[in-house]
Amino acid sequence: MELIHDTGWAAPPATVEQPLTGDIDCDVVVIGGGGGGMSAAIRLAEKGVDVVLLEAQTLGWGASSRNAGYITNSVAADPELLGFLLKRERLRDLYRYAENAVHFAEDAITHYGIDCGYQQEGIVMAAVSKGQLRHARRNAKVMAEAGSAAEFVEGPAAGLPDGFVGGVREGVGGTLNPGEFVLGLRAATIASGVRVYERTPARDVTDSGDGVTVDTPDGRVRARKALLTTNANSNGLSIAPKNLASPVWTSLVETEPVAPERLDAIGWTSRAPMVTLHMIIESYRVTPRGTIVFGTRRVQTGRNPLPNRTPARNVTDDLVRGFHDRFPGLRDVKLQQSWGGWIGMSSTWLPVAGEASDNVLYSLACNGHGFAQAQYVGHLLADRVGGAPLHDDLAAIWHGRKRFWPSFVSGPALHAAWLADRASDRLAALTN
Ligand SMILES: Cc1cc2nc3c(=O)[nH]c(=O)nc-3n(C[C@H](O)[C@H](O)[C@H](O)COP(=O)(O)OP(=O)(O)OC[C@H]3O[C@@H](n4cnc5c(N)ncnc54)[C@H](O)[C@@H]3O)c2cc1C
């Protein structure tokens, strides 16, 4: 299996937009061109705002092109726990926000005519043990009460692979090829009139109160306002709120193509994309190219400046072990490639947006469920920076200018969660 540095979903863009050289002025500068930054910049351009978008590599290079490709109405944290900790109204707001984010991303695919293999098939939070199935039943109840499109499914009728006993089927969303999607969104961004500078990392962002200055290696941008959409890399910028997000490296593995009859034979007749109900999820999906992509389980923390790295061997070994345990009938399937990416993980595992200073707004921690959400938040932040009232969906994740407590997302804590998941697997093997 080849360990690769870039996304395995698509080739990089054929040409690169010019880097910034010299000093320029604009109304709004967007820093970080993932799905969030591109959506924000497009929205600003639509409104006639003079907008500059700075991207350290090429647009979409980060998590947005590397993820597992689930468009989900789930927020990252466990629904049952959220139901216990949050007021009912707040939970409803969060799930409404997440569902609207799904529709926003779907609309982008249609609006820009992006060919990215989108399958609107929903996603199953799948149980691999009786304990997880009971948890799924409770999660479905919490989500339904919060107004989220979700139903409990169980038994062979669910069409899940042998060993997956049921779960919560999300009623909206589905899967796509994120690499192809961001190439389409990148083309739409460039065509929209946004002034795009690639290979242009922001080194320093300062807010003087009456404007923002962004220093880059060979130039400087002066703007009235700025949006910070740099995701996991944000801690490298002193203006980013302290303790908001910890960088967490997440890995994926892709198999060779698997014949459809073999998927039928193991019971995966629905082909539903799945995430398990472990503390740190496992994900398994079939791709439009007939392969299976699976991932997460064992994640690792990092420090800025974050390296452009490949997955670690012990992590891919663990992922493959998980794949073989869950799909014993596919043990002979060859593995093609593995890649990963950095996500910005908040302490609560909930998405956050807010104000870093008078003139700098941020969206930095969409966690492992931010593919659609980062885009939607970027769009809403663009309206907000133009002076619009706080949209109800932005209010659902709005942190304002408040500080953050030190994060408990750490290497040892994540390792402990992985150990707890493996212990629950062993217990399930004994009792199922
Ligand atoms: C392996 C993996 C699997 C995932 N699976 C899913 C999934 O299935 N579904 C889901 O919803 N979410 C998933 N996620 C999370 C999701 O991809 C992210 O939450 C989302 O893409 C974040 O988008 P973004 O625009 O905020 O950040 P990014 O896409 O990371 O974009 C940030 C951009 O900012 C640029 N940048 C950083 N620093 C600077 C700087 N100083 N100056 C200029 N540019 C800078 C980076 O180069 C990058 O392009 C996954 C993530 C990973 C890594």
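The values are calculated or read from the model by the stated rules, or taken from the named source; none is laboratory data. Predicted, not measured: the structure shown is a model, and the values here were computed from it. Cβ placement follows ideal geometry from the backbone for every residue including glycine, while neighbour counts extend to all protein chains displayed. Protein only, heavy atoms only, side chains kept; ligands, DNA and RNA dropped before computing areas. Shrake-Rupley method; radii C 1.70, N 1.55, O 1.52, S 1.80 Å.
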I need the full set of residues from the stretch 243-269 which are open to solvent by 10 Å² or more (accessible area, probe 1.4 Å), in contact (Cβ under 8 Å) with a residue 24 or more places away in the chain and of a type in the set (D, E, K, R), in order please.
256, 262
Considering only strands (runs of 3 or more DSSP E) fully contained in the stretch 191-242, which possess at least 1 residues that are within 10 Å of the ligand (Cβ to nearest atom), open to solvent by 20 Å² or more (accessible area, probe 1.4 Å) and under 16 Å from residue 37 (Cα atoms)?
195-197
Being away from the ligand (no atom under 12 Å from the Cβ), surrounded by fewer than 16 Cβ atoms within 10 Å (Cβ to Cβ) and of a type in the set (A, V, I, L, M, F, W, C): is that true of residue 272 here?
no
Determine if the stretch 129-140 includes at least one residue that is within 28 Å of residue 379 (Cβ to Cβ) and open to solvent by less than 30 Å² (accessible area, probe 1.4 Å).
no
Filter the stretch 358-388 for residues that are touching a Ser or Thr at 6+ places or on another chain (Cβ under 9 Å) and in a strand (DSSP E or B); which is surrounded by the fewest Cβ atoms within 10 Å (Cβ to Cβ)?
362
So for the stretch 395-404 (the condition being surrounded by 21 or more Cβ atoms within 10 Å (Cβ to Cβ), touching a residue at least 24 places away in the same chain (Cβ under 8 Å) and in contact with a Phe, Trp or Tyr (Cβ under 6 Å, 6 or more places away or on another chain)), does at least one residue qualify?
yes
Of all the residues that make up the stretch 321-340, how many are open to solvent by 10 Å² or more (accessible area, probe 1.4 Å) and closer than 29 Å to residue 34 by Cα?
3
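Here is a yes/no grid of residues against (1) within 16 Å of the ligand (Cβ to nearest atom); (2) over 24 Å from residue 62 (Cα atoms); (3) touching a Gly at 6+ places or on another chain (Cβ under 9 Å):
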| position | (1), (2), (3) |
| --- | --- |
| 319 | yes, no, yes |
| 350 | yes, no, no |
| 374 | yes, no, yes |
| 381 | yes, no, yes |
| 386 | no, yes, no |
| 391 | no, yes, no |
| 401 | no, yes, yes |
| 404 | no, yes, no |
| 412 | no, yes, no |
When restricted to 155, 179, the only residue free of Cβ contacts under 8 Å to residues at least 12 places away in the same chain and either touching a strand residue (DSSP E or B) at 6+ places or on another chain (Cβ under 7 Å) or buried (at least 20 other Cβ atoms within 10 Å of the Cβ) (or both) is 155
Which residues, counting only those in the stretch 389-432, are assigned to a loop (DSSP other than H, G, I, E, B) and among the basic types (Lys, Arg)?
401, 402, 403
Within the stretch 267-281, work out how many residues are under 18 Å from residue 121 (Cβ atoms) and over 17 Å from the mean Cα position of the chain (by Cα).
6
Residue list for the stretch 158-176, restricted to those being in a loop (DSSP other than H, G, I, E, B), of a type in the set (A, V, I, L, M) and surrounded by fewer than 22 Cβ atoms within 10 Å (Cβ to Cβ):
165, 172
